[in-house]
Structure formats: structure tokens, C-alpha cells
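Shown below is the structure under consideration.
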Amino acid sequence: MLEYVNLDLALTREEYAKQIGPLQQRLYELEHAVNEARVPVMIVFEGWAASGKGRVISLLAERMDPRGFRVVPITPPRTAETHYPWLWRFWLKIPAKGQMVVYDTSWYRRVLSDRINKVVDKKTWEAAYLDIAEFEEQLSAEGVVILKFWLHISKSEQQKRIKKLLKDELTAWQVSEEDLIEVKKYKKYTEAVENMLARTDSPHSPWTIVEATDRYHERVKVLTTIIKTLEARPEIAAILGASEKSEEFQGVVNA
């Protein structure tokens, strides 16, 4: 699957500048429609180390109302969290009705880094797939919108970016030991990612593969996908339609 992704897709600076402002504005409008419609939204970011997850999330948050939007960074489980079922800590982080939550990596580390680094055995990570499917299916049945993004770059692009980060002492801290292992085991990670995408893509929680070599294309594709998904939700569309009709009426009155 990943071998057929066109990683040369790109936008010019001019094209990006023309599109990004309206996309951010539309996302801001959608956030308020989401809140009014009381629809919970989960936006999951997975991808290669140095693929730009942090940059995209920062862009998403830039113009959002913090009252209805939050970012949840996922780290390895702490000592207390290991005493509970493994998905327990993620249940604590699901969005309230009308709230948008962005996950900087997620429960998928169980079938990616934990799998590759042998933090868990094969029986455990295989079982995790069923847990994940049930987790996302239950959330979807309760009305949660789930969007999942895989930010994809080539091995050579990843090596180049990691090297650049390590050269500068102001950015070297961003590269973890886990990231360096990922670079060395790119092929094994690719196999795990392919497996993950095939086994956890579903109509209620689909994966979107984002060609992330060009940061302009990456950002526009992510925002466009989120906007189209939310606009297609009937409850949200109804709120948007009423709001836009109201604005149109107000314009006629003011004229």
C-alpha cells in the first residue's frame, strides 16, 4: 500500500498562501458548529518520526477556540497506568460532546513501536487489534467522529530530517531514542504500519494517508480532509446551513 503513495506531491508557496487562510477560517466555523451540534470529534495523528505531526497540530490549533479544542500528547504509560487495562488511559481522554480532541500519536503505539521494540509480545499486540476495533466502534456508535491520519515520508527523507534536527542544539532534543530506533528499523516499521492500516481502516474510523514530503501539501490535505468529513455530518451540516442562512438574511436586512 505505502509503496504506491506519491511522495512527490507538492504545492507552491503561492498556492499554499491562497488556500490556508480560508481553510483555517472554515475549520474555526466548524468548531462552533460541532459544539452547537454536540458532536464529539477525535483527530488522530500517527506517522513517521520527523514527518511533521507537531507542525500540523500547531497549525490546526492556531485559530481554534481553546474552549472547544484540546491537544492530547500520548507518551508511554506511567507506572500507575500499567495497573489498569491498557486502553483505560485513552478512555479518560475521549472528547466531551461538542469538543474536538487531537491526539499526538495514540493507542496505535501498541501495534507499532511497542510491537517493534518488543515492549509487548506477539499475543498481546495481536489481541490489541480487537481491543482497538471495539474501542473505535463503540465510540462511533455513540456519535463520535473519528479521523485518523498517517503522515508518510520516505526513509531517505526521514534520515535527512533527523540529521538536520540533531545538528542544531535547539532542535536536537526533539529526537528521541525511539525515533533513532525507528530510523534504523524503517523496513520493519513499514511492515507494521501496512498491517495496522489494513486491519484498522473502517467506514466509521477511516485512515487517511498524507503525503508529507512537502509541508504545504501535507497541511492542506489534512485540513481539507477534516473539513469535508465534518461538513458531511448531518447534525453539523444543519447547524452550518442555519447559520449561513441567518448571515445571508442579515446581509439583506442591512442592505
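When you go through Ala17, Ala10 one by one, which is the residue that is surrounded by fewer than 14 Cβ atoms within 10 Å (Cβ to Cβ) and either on the phi < 0 side of the Ramachandran plot or out of contact with any Leu (no Cβ under 6 Å at 6 or more places or on another chain) (or both)?
Only one candidate passes the filter, namely Ala17.
How about segment 181-221: which of its residues are farther than 27 Å from Lys118 by Cβ, among the aliphatic types (A, V, I, L, M) and in contact with a Phe, Trp or Tyr (Cβ under 6 Å, 6 or more places away or on another chain)?
Residue satisfying the conditions is Val210 alone.
In segment 116-134, is there at least one residue being on the phi < 0 side of the Ramachandran plot, of a type in the set (A, V, I, L, M, F, W, C) and in contact with a Gly (Cβ under 9 Å, 6 or more places away or on another chain)?
no
While we're looking at this one, here's another question. So for segment 26-34 (the condition being among the hydroxyl-bearing types (Ser, Thr, Tyr), within 28 Å of Ser140 (Cα to Cα) and assigned to a helix (DSSP H, G or I)), does at least one residue qualify?
yes
Also: State which residue is farthest from Glu3 (Cα to Cα) when the search covers only segment 174-188 and only residues that are part of a helix (DSSP H, G or I) and not charged (D, E, K, R).
Gln174
For segment 191-235: of the residues being among the charged types (D, E, K, R) and farther than 16 Å from Lys53 by Cβ, which is surrounded by the most Cβ atoms within 10 Å (Cβ to Cβ)?
Out of the qualifying residues, it is Arg233.
Look at Gly98 and say whether it is modelled with pLDDT of 95 or more, touching a Gly at 6+ places or on another chain (Cβ under 7 Å) and of a type in the set (Gly, Ala, Ser).
yes
Which residues, taken from segment 165-182, are without any contact (Cβ under 8 Å) to a residue 60 or more places away in the chain and either more than 17 Å from Asp104 (Cβ to Cβ) or of a type in the set (Val, Ile, Thr) (or both)?
Of everything in segment 165-182, those that are without any contact (Cβ under 8 Å) to a residue 60 or more places away in the chain and either more than 17 Å from Asp104 (Cβ to Cβ) or of a type in the set (Val, Ile, Thr) (or both) turn out to be Leu166, Lys167, Asp168, Glu169, Leu170, Thr171, Ala172, Glu177, Leu180.
The values are calculated or read from the model by the stated rules, or taken from the named source; none is laboratory data. Here the structure is a predicted model, which is why all the values come from computation and not from measurement. Positions of Cβ are generated from backbone atoms using ideal geometry, with glycine treated the same way; all protein chains shown enter the neighbour counts.
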